[in-house]
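Report on one structure; see the data block that follows.
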Amino acid sequence: MTRPLPRILAATLIAASLLLAACKDAPDAAKPAAATPVSVAAVAAEAKGFSVGSAMSTRTVYVFFDAQCPHCTALWEAAKPLKSQARFVWIPVGILNPSSTAQGATLLAAKDPVAAMDEHEASMTAKGGGISAASGIDAQKADVAKNTELLTRFGFGSIPTIIGNHAETGALVTQEGAMQTAALAGLLGLKVPTP
């Protein structure tokens, strides 16, 4: 009785080797462009967001978020205990679905974006889908599109994305994905709040 599995395995390995060789020889035009180096100054100058925390704080942390992202909801809650130590600028992007852009633009257009974000995130937590999109927000939708372009220009592939400077060392810090409060404080060089 012959065993076809080793032959199939060998054929698969040969095909994979040929495919890898073909990818390696692909022209440079087919390769993705290198990401723009991350810069806090570029985010501060180009992104449109809303602030949470002390406007007078010397520490500013930028958070790219998608209104439809459950991990962004978790980070919104995790960052709240740190708002006395840093100003968080929440920058909406439109990545996950069409509601992302409309809801992000609605948050930017809100008279009280922090209250609107609290309402939105409570709805997301309750599986309600978030706030309803406002009308007349074309300018804010354009801002969300620019925010999204900035995030992708930096080469980030997920949300939320945190960008800031470490409070003690001044070093640039970036993080893709949500974190608990203590881990976020550690990343940013802030004090872990006591319960």
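Key figures for this structure:
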| item | result |
| --- | --- |
| Integer Hz, Karplus 6.51/-1.76/1.60 couplings in order for the range 149-165, x for Gly and Pro | 5, 5, 4, 6, 4, 6, x, 6, x, 8, 10, x, 10, 10, 9, x, 10 |
| Linear extension gain, GLU176 paired with ASP138, 0.36 nm per residue minus alpha-carbon span | 10.9 nm |
| 3J(HN,Hα) from dihedral phi, the range 171-181, Karplus parametrisation 6.51/-1.76/1.60, rounded to Hz, x for glycine, proline | 5, 5, 10, 9, 8, 9, x, 6, 9, 6, 4 |
| Exposure proxy ranking, count of Cβ atoms within 10 Å, fewest first, for GLU149, GLU168, GLU121 | GLU168, GLU149, GLU121 |
| Distance from the range 136-158 to the range 53-70 (C-alpha centre basis), Å | 15 |
| The range 40-188 - Rg over Rh from alpha carbon coordinates, Kirkwood radius | 0.93 |
| Prolate/oblate/rounded call for the range 106-158, Cα gyration tensor, a/c under 1.5 rounded | oblate |
| Packing-based order for 170-178, 104-112, 43-51, 61-69, using average beta carbon neighbours within 10 Å, highest first | 61-69, 104-112, 43-51, 170-178 |
| The range 30-117: C-alpha gyration tensor shape, a/c 1.5 cut-off, then a/b vs b/c | oblate |
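FYI, it's all coordinate maths here, none of it is from the lab. Everything numeric in this text was worked out from a predicted model, so none of it was measured. All Cβ positions, glycine included, derive from the backbone under ideal geometry; neighbour counts span all protein chains shown.
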